[in-house]
Amino acid sequence: MKRPLRDPLQLSEAEQRELEWLAKHASARVARRARIILARGSGYPFKEIARRFRIHPNTVRNCVLNFCERGIPGLMHAATGTARPLLFDEDTKSQIIRIAQSSPRSLGLARGRWSLRLLRSYLLEQGLIYEISVEGLRQLLRGSELPPQYWRRARHLRLRLTPAVERVLQVWRRNPQPGRRLLAQVLLAAHEGRSDEEIAAALGVALNHVRTWIRSFRRRGLDILQARVTRAALFLERQMRRQRRS
């Protein structure tokens, strides 16, 4: 039986359980639709759901209409409109940033440091937001000062070197050619777990150069010691020596 769209959405226990399972385990698109229906079943109006999910109200309305007409199968097979992203309001953004600047333990969590995935899970559980991707959260926090004692050290530049490659780089670190020596220092420091910012500060190299060299090493291996990246490192090493002399 078709349910009226304007009436409060009444979910049976079976539908509630199925929607909760889909919200956690289904594909991103189906999980988003399931959360929309759960929010509507909790009594939230269309505009509030749209704001929380950062989508257009028409997308919410189409999703609920589809569910009212076809039930849960309608969420998994029929189109519900193209989501048009909307920005979080300033109040919600400020709340998220304040949480990110707090200790997880002070909020009742067993962890001492945040990760983006942990923060996302906490925000969803608290109902502050209904949906946000890890990348979306990263973009939202960009430019905010996050206390390092409350955040896990970034590992996106960490390298795992084989013993053979590590021995080669140890030799290159003592190489008389400054370009190769500098590259080896960067790669070995990344292998030791030091962050990109720490490497750049310790060696006096621009942050973008550190990231470029490590990405190049991941793609090409030790071939970068013979490539133009080496020449760029040589140029930088000469500049550094001139600055030290002056």
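The values are calculated or read from the model by the stated rules, or taken from the named source; none is laboratory data. Bear in mind that the values here come from a model prediction, so they are computed numbers and not experimental data. Glycine also receives a Cβ, built like all others from the backbone with ideal geometry; neighbour counts cover every protein chain displayed. These area figures cover heavy atoms from the full protein model, side chains too; ligands, DNA and RNA do not enter into them. Shrake-Rupley method; radii C 1.70, N 1.55, O 1.52, S 1.80 Å.
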Before we move on, is SER27 closer than 21 Å to GLY136 by Cβ and not aromatic (Phe, Trp, Tyr)?
yes
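Counting residues that are at pLDDT below 80 and exposed (fewer than 12 other Cβ atoms within 10 Å of the Cβ), which helices (runs of 4 or more DSSP H) fully inside the range 135-204 reach at least 2? Let's see the steps before the verdict.
Numbers: elements: 163-173, 178-191, 196-203.
Counting at least 2 such residues, we get 163-173.
Only one residue in ARG40, ARG61, ARG51, ARG117 is out of contact with any Ser or Thr (no Cβ under 7 Å at 6 or more places or on another chain), under 21 Å from GLU135 (Cβ atoms), basic (Lys, Arg) and modelled with pLDDT of 85 or more, so which one is that?
Values: ARG40 fails: under 21 Å from GLU135 (Cβ atoms); ARG61 fails: under 21 Å from GLU135 (Cβ atoms); ARG117 fails: modelled with pLDDT of 85 or more.
Going through ARG40, ARG61, ARG51, ARG117 in turn, the sole match is ARG51.
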Of everything in the range 112-134 that's in a loop (DSSP other than H, G, I, E, B) and of a type in the set (S, T, N, Q), which residue is nearest to ILE49 (Cα to Cα)?
SER133
Looking at the range 26-52, I want the residues that are without any contact (Cβ under 8 Å) to a residue 60 or more places away in the chain and have a partner that is open to solvent by 20 Å² or more (accessible area, probe 1.4 Å) with Cβ atoms under 6 Å, at least 6 apart or on another chain. Which pairs are those?
VAL30/MET76; GLY41/LEU11; PHE46/PRO57; PHE46/ARG61; LYS47/PRO57; ALA50/PRO57
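Conditions tested, residue by residue: (1) out of contact with any Gly (no Cβ under 8 Å at 6 or more places or on another chain); (2) over 25 Å from GLU90 (Cα atoms); (3) hydrophobic (A, V, I, L, M, F, W, C).
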site	(1), (2), (3)
GLU18	yes, yes, no
TRP21	yes, yes, yes
LYS24	yes, yes, no
ARG32	yes, no, no
ARG35	yes, no, no
ARG40	yes, no, no
GLY43	yes, no, no
GLU48	yes, no, no
HIS56	no, no, no
By residue number, the members of the range 88-111 that are charged (D, E, K, R) and outside any helix (DSSP H, G or I) are ASP89, ARG111
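Please go through the range 205-218 and pick out each residue that is buried (at least 16 other Cβ atoms within 10 Å of the Cβ) and not small (Gly, Ala, Ser). Break it down into steps so the answer makes sense when it comes.
Just the residues of the range 205-218 that are buried (at least 16 other Cβ atoms within 10 Å of the Cβ), to begin with: 205, 209-211, 213-214, 216-217.
VAL205, HIS209, VAL210, ARG211, TRP213, ILE214, PHE217 - these are the residues of the range 205-218 that are buried (at least 16 other Cβ atoms within 10 Å of the Cβ) and not small (Gly, Ala, Ser).
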